[in-house]
Amino acid sequence: MLSAKSKQCLALLLALLLAAPAAQSQTADDQSGLAQLATGSPAPHSLSIFALPAKSLFGAQKSAAHLRASAIGTYALGCLAGAQQLPITGDTWQVMRLSRNRNWGTPQLNSFLERISEEAKAKSGWNGFLVGDMAQPRGGPMKTGHASHQIGLDADVWFTPMPDHVMSAAEREDMAPIEMVKNHSTLNQDAWTESRDKLIQTVAQDPQVARIFVHPPIKKELCRWAGNQGAWLAKVRPLYGHTFHFHIRMKCPEGMSACKNQWEPHPTDGTGCGKELAYWYSDAPWVHKKPPPGAPKPKPRPPLTLAGLPAECRAVIAAP
Ligand SMILES: [Zn+2]
């Protein structure tokens, strides 16, 4: 009989062997870069792996880093070790857009989604989550779509309920979501239902949830529905782009010391239904300010590279 420990060692050895062919496809520079990453020697900036934009480097990762699960850094500047893939079909969820390979998260995010989607069904009658983007296999910046979603604690969930059948890969790729807003100030009244108010309330009331992002007219609707009352409303924050999905952000799980929580939202009115929402109904967030004529053009910022991410992210890239 093998002890649990030696089984673990065997599994690790197997993982290393399986990962070897992938490593061969990398350039010699990358290989020596990886070797140096693994030994922890200082970053040689001539190596391509350090020169690559971080979004290309992390965007190219196809599998998780075989390390202890850890959300590293902040939601919008970090990476993810020991990620797990959310199973694409559960009783109360289905993953959409499988080709994106973004259904990775911390084990805590995955078990949270499994639990809260069940709760939403029981409490709000919501027929299952259609899960959009979570994180990439090793987290990090993405080539398209999001500033955050980098550490395995963010997940997008559609405002379209799950259909009653298991969808094919093609359906998950092609099905169009239902838009909940007409523009940045008007809700799509034909599409919005009270079940959606209840859905957001259920998720926002969970103590593991740090924030939820929705487009401003959706926050306005939630405020109206709840009579501008309820501490859970403070967690629901207006933000661009969340028109057909809402974005769940979890707090750092206990024991993940490299994970940095964001400041907690404490709007002065307790809900964010007053001044905060009024800001989103002003021109300020929407009107792009032009620089005065003759002003020098701002220099384009060099792209973020591995060097600009938390140091632990080097091990995340180097790991098998
Ligand atoms: Zn989002």
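Brief remarks follow.
- The conditions of being in contact (Cβ under 8 Å) with a residue 40 or more places away in the chain and under 24 Å from ILE88 (Cβ atoms) are not met by VAL181.
- Close pairs (7 angstrom Cβ cut-off, 6 or more residues apart or separate chains): of a type in the set (Lys, Arg) in segment 65-83, surrounded by fewer than 24 Cβ atoms within 10 Å (Cβ to Cβ) anywhere: ARG68/GLY82
- Filter pass, GLN262 being assigned to a loop (DSSP other than H, G, I, E, B), more than 28 Å from ALA176 (Cβ to Cβ) and either β-branched (Val, Ile, Thr) or over 19 Å from the mean Cα position of the chain (by Cα) (or both): no
- Filter pass, GLU264 being under 22 Å from MET134 (Cα atoms), surrounded by fewer than 18 Cβ atoms within 10 Å (Cβ to Cβ), modelled with pLDDT under 95 and away from the ligand (no atom under 16 Å from the Cβ): yes
- Counting only residues that are surrounded by 14 or more Cβ atoms within 10 Å (Cβ to Cβ) and more than 21 Å from the chain's Cα centre (by Cα), segment 160-174 holds 1 of them.
- Enumeration of residues in segment 169-191 that are among the charged types (D, E, K, R) and either part of a helix (DSSP H, G or I) or modelled with pLDDT under 95 (or both): GLU171, ARG172, GLU173, ASP174
- Among (1) outside any helix (DSSP H, G or I); (2) aliphatic (A, V, I, L, M); (3) over 26 Å from GLY152 (Cβ atoms); (4) in contact (Cβ under 8 Å) with a residue 24 or more places away in the chain, the one test that MET256 misses: (3)
- Failed criterion for VAL157 (all others in (1) within 16 Å of the ligand (Cβ to nearest atom); (2) surrounded by fewer than 21 Cβ atoms within 10 Å (Cβ to Cβ); (3) under 19 Å from the mean Cα position of the chain (by Cα) hold): (2)
- Where strands (runs of 3 or more DSSP E) fall entirely within segment 48-157, those with at least 2 residues that are over 28 Å from SER168 (Cβ atoms) are at 70-74, 77-81.
The values are calculated or read from the model by the stated rules, or taken from the named source; none is laboratory data. Computed from a predicted model, the values in this text were never measured in an experiment. Positions of Cβ are generated from backbone atoms using ideal geometry, with glycine treated the same way; all protein chains shown enter the neighbour counts.
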